[in-house]
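Take a look at the structure set out below.
The values are calculated or read from the model by the stated rules, or taken from the named source; none is laboratory data. This structure is a prediction, so every number in the text was calculated from the model and none was measured. Cβ coordinates were reconstructed from backbone atoms using ideal geometry, including for glycine residues, and neighbour counts include every protein chain displayed.
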Amino acid sequence: MSLIKQIASSRSSLLKPFITSTNLVRRSFSSDSSSESALSIETSIPFIGHRIDPPSRTVETTPNELMDFFKTMVLMRRMEIAADSLYKAKLIRGFCHLYDGQEAVAIGMEAAITKKDAIITAYRDHCIFLGRGGTLVEAFAELMGRRDGCSKGKGGSMHFYKKDSGFFGGHGIVGAQVPLGCGIAFGQKYSKDGSVTFTLYGDGAANQGQLFEALNMSALLDLPVILVCENNHYGMGTAEWRAAKSPAYYKRGDYVPGLKVDGMDALAVKQACKFAKEYVLKNGPIILEMDTYRYHGHSMSDPGSTYRTRDEISGVRQERDPIERIRKLLLAHELSTEKDLKDIEKSARKEVDEAIAKAKESPMPDPSELFTNVYVKGYGVESFGADRKELRAVLP
Amino acid sequence: MAAVSQAIAATVALSSSNSSTTSFESKRSRFLPIKSIPFSESKKGKIVACRSNGNNSSFGSNPREKAAASTETKSGGGHELLLFEALREGLEEEMDRDPRVCVVGEDVGHYGGSYKVTKDLANKFGDLRVLDTPIAENSFTGMAIGAAMTGLRPVIEGMNMGFLLLAFNQISNNCGMLHYTSGGQFTIPVVIRGPGGVGRNLGAEHSQRLESYFQSIPGIQMVACSTPYNAKGLMKAAIRSENPVILFEHVLLYNLKETIPDEEYVLSLEEAEMVRPGEHITILTYSRMRYHVMQAAKTLVNKGYDPEVIDIRSLKPFDLYTIGNSIKKTHRVLIVEECMRTGGIGASLTAAINENFNDYLDAPVKCLSSQDVPTPYAGTLEEWTVVQPAQIVTAVEQLCQ
């Protein structure tokens, strides 16, 4: 429920007609569940635990939550596809790593935690930023390098941050965010505020040494950190069986317990994250491996088909797509109709287009912004432009 | 060497006791408008920011006389201690003052610190605040930076500065640049400190000078301490600063003894220290080379030269204000440093001086640095990689012709 309130306010006007329409739907189909009642749904496959008893397969959820999942995932999918076209139109430059196919991880995680808990991830961060309460305009403006972006246009695709809702970014170097995440958990333990940190990394980063170093220290200090491996089976262009001798990433913690989760099932992700949060506040770190898949290549400059077959990609899209799974659930439990779901998709598309238009209106940053935020307080340090005489600024 | 350090200690004690609390505004009135950099205002509040004025006594007079004179003029008494104790005092006072300050490093807790800088702090503050880490520089530096993102103020200790090369990614990308790439959302108030520099027969890998590698990382400040007085002041200022600060200590300077004031003082992170005012030539130096320069200065005074010695202390950004005023007076510059010739602090300082003060120079800027070789183990060879006082004297004589 809280997720509904925290999504961009522009969507609130969209929510009212749909809630009433679902009520109408419910009455005409004479189901006896009201919009707040709980549903028990089984996850696609059972969880597999390493040194821990996995949680139950049955997930409690409500119709509102499922509708929420659907709407937000559709919005995320739409945003990533729009970013794809913006990149091809050269409005987004540099690196652009797209998250479509993996939305269930972002959504399920958000459903299980609060904004006081911290999330830190690598460069595939657009959807997680959205899930944490970032607005579409901020995201697109940052991608296009405009002033209204979340990092004032100075970060780019790989550096989205939202401090007030506990989103710590957005990091370009593979694996460097894992020690940072353990440090955030250290800060949470130091201040004893009962929150946890979710540190996301990919199957490629799972082979980084600093991950094991950080894991060792977190286990020694019982830090409230959950390491989530988003295993999309390809580290850039290298398949996981060619990069890792042991691709069972949830077992790699050795003395640290692990859980393998179907990352394309938002409800399974939600169950695992809730379980992990409770575990970690008492017992120290845990590793979650999310078995997920990305439809795009590693980034926009990678077609994504040189190291895997198109059949594989379309196969996963047909059988395991996270949005389709929620759609089928909604239709099977008669919580919505085909037409309503199509309308949601259309309005998401419209919303994304409006956000892009608004972001395009935002200007590029002022040249003086080159020198702001280098230091917290520049102490009169000077910085020079190319010709050493004309462009001089005192760092503020 | 011991006699020299004690004599120097006495001189420094004298200069620090004579320093009055000059406000920055009075310094500003001497600011000449041409190419100097305007001095910024600093927050003062209740902190007494001391600036060590140059003392007027000439070098070479009897140190015992000076010490006797200093006890008469000193205000509160002061207490004598070694440099590592001064660092510890500064650290302890800051940890008492702010519960968010914590120490992260190898052997800092139960062992007491490999150079005793954190001795007994774990007993006083507990194991979480003085954290013993495994030998994993990359990740514990990353962890401290992550903790700083949540509001803590960690002091990261590298057992030897050279080990922090393993953490270079974290220091460069996450420490230096995070404030910028997040558009100002996150501040990283960490202090990264550790001993570096050429010691006694430590070998190449344990005698590295990392100032040159870190100096181009945007967003960090670098300072180097050389006396117990400025070690404590700079440590406190670094902890209180909102920017990431790298504090360079030197392995051979940990046992320097000096009398420092009892009352609390914090030095400015961007100021240089006037060690010995003079007329003929400006000698810029930092860290251990300060003592080689002062030793050479004794010889130079006997030969009739009057060098002005400035300990630049702030390696990034340079205190071009003090340096500029000195160059305008003397018109000759000699830089003596322990960094390598190629791409070292001296190289950047030479470029900065040439750009800003070219009109005031009567002779080209001369830079004496260590040789561009790995530091050998053999004592005689090691001596020759580093600048020796005799070379400083020769260089001054050449410049002053």
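Being surrounded by 23 or more Cβ atoms within 10 Å (Cβ to Cβ) and closer than 18 Å to residue B:104 by Cα is a property that residue A:259 lacks. Please find, among B:247, B:202, B:284, B:256, the residue that is farther than 26 Å from residue B:153 by Cα, modelled with pLDDT of 95 or more and more than 14 Å from chain A (Cβ to nearest Cβ). One residue alone meets the criteria, B:284.
Tell me yes or no: at least one residue of the range A:291-308 is touching a strand residue (DSSP E or B) at 6+ places or on another chain (Cβ under 6 Å) and either among the basic types (Lys, Arg) or crowded, with 18+ Cβ neighbours inside 10 Å (or both). Within the range A:291-308, one or more residues are touching a strand residue (DSSP E or B) at 6+ places or on another chain (Cβ under 6 Å) and either among the basic types (Lys, Arg) or crowded, with 18+ Cβ neighbours inside 10 Å (or both).
For the range A:150-175, which residues satisfy the criterion of being crowded, with 24+ Cβ neighbours inside 10 Å and in contact (Cβ under 8 Å) with a residue 60 or more places away in the chain? Once the filter is applied, which keeps residues that are crowded, with 24+ Cβ neighbours inside 10 Å and in contact (Cβ under 8 Å) with a residue 60 or more places away in the chain, the range A:150-175 yields only A:157. Given the criterion over 29 Å from residue B:127 (Cα atoms) and either modelled with pLDDT under 95 or touching a His at 6+ places or on another chain (Cβ under 7 Å) (or both), identify the matching residue among A:122, A:176. Going through A:122, A:176 in turn, the sole match is A:122.
Yes or no, residue by residue, for (1) of a type in the set (Asp, Glu); (2) crowded, with 22+ Cβ neighbours inside 10 Å; (3) assigned by the TED database to the domain that holds residue B:229:
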| site | (1), (2), (3) |
| --- | --- |
| B:279 | yes, no, no |
| B:287 | no, yes, no |
| B:297 | no, yes, no |
| B:300 | no, yes, no |
| B:306 | yes, no, no |
| B:315 | no, yes, no |
| B:325 | no, no, no |
| B:329 | no, no, no |
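If the condition is being free of Cβ contacts under 8 Å to residues at least 40 places away in the same chain and either small (Gly, Ala, Ser) or buried (at least 23 other Cβ atoms within 10 Å of the Cβ) (or both), then the range A:57-87 contributes only A:85.
Number of residues in the range B:334-384 that are charged (D, E, K, R) and exposed (fewer than 14 other Cβ atoms within 10 Å of the Cβ) equals 5. Taking the criterion of being surrounded by 23 or more Cβ atoms within 10 Å (Cβ to Cβ) and either without any contact (Cβ under 8 Å) to a residue 60 or more places away in the chain or away from chain A (no Cβ under 14 Å) (or both), the residues of the range B:215-232 that qualify are B:224, B:225, B:226, B:227, B:228, B:229, B:230, B:231, B:232. Of everything in the range B:132-151 that's surrounded by 24 or more Cβ atoms within 10 Å (Cβ to Cβ) and aliphatic (A, V, I, L, M), which residue is farthest from the other protein chains (Cβ to nearest Cβ)? Ranking the qualifying residues of the range B:132-151, first place goes to B:148.
Yes/no per residue for (1) in contact with a Gly (Cβ under 7 Å, 6 or more places away or on another chain); (2) within 17 Å of residue B:108 (Cβ to Cβ); (3) among the aromatic types (Phe, Trp, Tyr):
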| position | (1), (2), (3) |
| --- | --- |
| B:143 | yes, yes, no |
| B:159 | yes, yes, no |
| B:172 | no, no, no |
| B:182 | yes, no, no |
| B:193 | no, yes, no |
| B:205 | yes, no, no |
| B:220 | yes, no, no |
| B:229 | no, no, yes |
| B:232 | yes, no, no |
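Of the residues making up the range B:176-199, those that are of a type outside the set (Gly, Ala, Ser) and facing chain A (nearest Cβ under 7 Å) are B:179, B:180, B:181, B:185, B:186, B:187. For the range B:177-208, which positions are in contact with a Pro (Cβ under 6 Å, 6 or more places away or on another chain) and in contact (Cβ under 8 Å) with a residue 60 or more places away in the chain? Result: B:204, single match.
Screening the candidates A:250, A:279, A:307, A:293 for the property of being under 23 Å from residue A:78 (Cβ atoms) and among the aromatic types (Phe, Trp, Tyr) yields one hit, A:293. Exactly one residue out of B:107, B:96 is more than 14 Å from every other protein chain (Cβ to nearest Cβ) and on the phi > 0 side of the Ramachandran plot, and it is B:107. Just to be sure before I move on: is residue B:267 closer than 25 Å to residue B:229 by Cα, buried (at least 24 other Cβ atoms within 10 Å of the Cβ) and within 14 Å of chain A (Cβ to nearest Cβ) in the structure I sent? Yes: the conditions hold for residue B:267.
Of the helices (runs of 4 or more DSSP H) entirely within the range A:117-224, those holding at least 3 residues that are within 7 Å of chain B (Cβ to nearest Cβ), farther than 23 Å from residue A:237 by Cα and in contact with a helix residue (DSSP H, G or I) (Cβ under 9 Å, 6 or more places away or on another chain) occupy A:177-191, A:209-221.
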